[in-house]
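Written below as structure tokens is the structure these notes are about.
The values are calculated or read from the model by the stated rules, or taken from the named source; none is laboratory data. Keep in mind the model is a prediction, meaning the values are calculated, not measured. In this analysis, Cβ positions are derived from the backbone assuming ideal geometry, glycine residues included, and neighbour counts consider all displayed protein chains. What goes into the accessible areas is simple: the full protein's heavy atoms, side chains included, and nothing from ligands, DNA or RNA. Shrake-Rupley method; radii C 1.70, N 1.55, O 1.52, S 1.80 Å.
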Amino acid sequence: MDLETRQLQQRLQQLGQHPEVLLVKPITQSTNDDVREIAQKGIQSILVCSHQQTAGRGQRQRQWVSPVGNIYLSTLLNLNTALDGRLALEIALNILQMPSLRDLDLQIKWPNDLYSLQGKWGGILIEPISPQQVVVGVGLNIDPVASEQIDQTATALTTLGLTNTSRVDLISELYVAIQQAGQWFDHRCQNLAARFNHHAAFKQQHVLFEHVNGVINGIFLGIENDGAVSIQTEQGIQYFYQGRLRLNETPA
């Protein structure tokens, strides 16, 4: 066992966490794929971290650029409630409450982007194995990613004010946050709208919302307790459970 793995195991034990499988890799294709492969052996608690990914992915199979220096981890989450879109929101909310991050000015962009006024600094990818067992992947930009490698505005936690926090502490806190999010989800995501809307990016701003039937423009009002996006349009308020939200830079 290398030093980082041993330190991470000790820190997790201090936090009352004891994953059956804990792997820290210098490089891998995808930590989500690693966890899925291990879970197929019947193991119920898994944490896989890597310093670099060669085939990282985000929502809709978009490439997740994964250079050395940032955090890429995946874990297995076992739920008592059938999966729905609120889980990603709960995970994002619990990440923002991590001790290392809670004093930073951070936001969440529906449905799964870790955001700020300066841009995106992380993301969440949930891939179901069954209706009540999912692989949760999280990527965090600790240091800036070269702008030519990405197709959206991005930033990094060090740019946003993160200092003097070890990689081991961040990974440990992330693992705990994901487990806590599963508990919130199993308890029906109480007061989800109020908790999420307090941190929602683009709230009360002009947005474009891409959905299965096209694109609408309107004002983003926040979310409902069931996780639906609420958009004020000329035709009235419309609600969506799937789609992509982005800022409308040139509202009519």
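Membrane-span-like helices in the chain, defined here as complete DSSP H runs extending at least 20 Å along the helix axis by their C-alpha atoms with mean Kyte-Doolittle hydropathy no lower than -1.0, are 167-186; this is a sequence and geometry rule, not a statement about a membrane.
The residues packed around TYR241, meaning those with a beta-carbon under 14 Å from its beta-carbon, carry a net charge of -2 if Lys and Arg are +1 and Asp and Glu are -1. Taking all protein chains into account, the per residue accessible area for the chain stands at 49 Å² (1.4 Å probe). Partners of LYS109 within straight-line reach, counting aspartates and glutamates whose Cα lies under 15 Å from its Cα and excluding those fewer than 8 residues away in the same chain: GLU90, GLU210, GLU224. The GNM of the chain, with springs linking C-alpha atoms under 10 angstrom apart, assigns the highest mean-square fluctuation among ALA200, ALA146, ALA88 to ALA146. The trypsin sites (Lys or Arg not before Pro) of the range 1-98 that meet both conditions, a loop assignment by DSSP and at most 15 other Cβ atoms within 10 Å of the site Cβ, are LYS41, ARG62. Rounded to the nearest 20 debye, the dipole size of the chain about its Cα centre is 100 debye, using +1 on the Cβ of Lys and Arg and -1 on the Cβ of Asp and Glu. Between GLN97 and ARG246, the simple label model (points 7 Å from Cα in the Cβ direction) yields a spacing of 3.2 nm. P(r) tail for the chain: Cα pairs beyond 24 Å make up 46% of the total. Here, the range 111-235 is characterised by an Rg to Rh ratio of 0.98, where Rg is the alpha-carbon radius of gyration and Rh the Kirkwood radius.
The accessible surface of the chain, taken with every protein chain in place and a 1.4 Å probe, is 45 percent carbon and sulfur.
Remark: accessible surface ordering of HIS187, HIS198 (largest first) is HIS198, HIS187, probe radius 1.4 Å. Straight-line cross-link reach from LYS41 at under 25 Å between alpha-carbon atoms covers these lysines, not counting any fewer than eight positions away in the same chain: LYS25.
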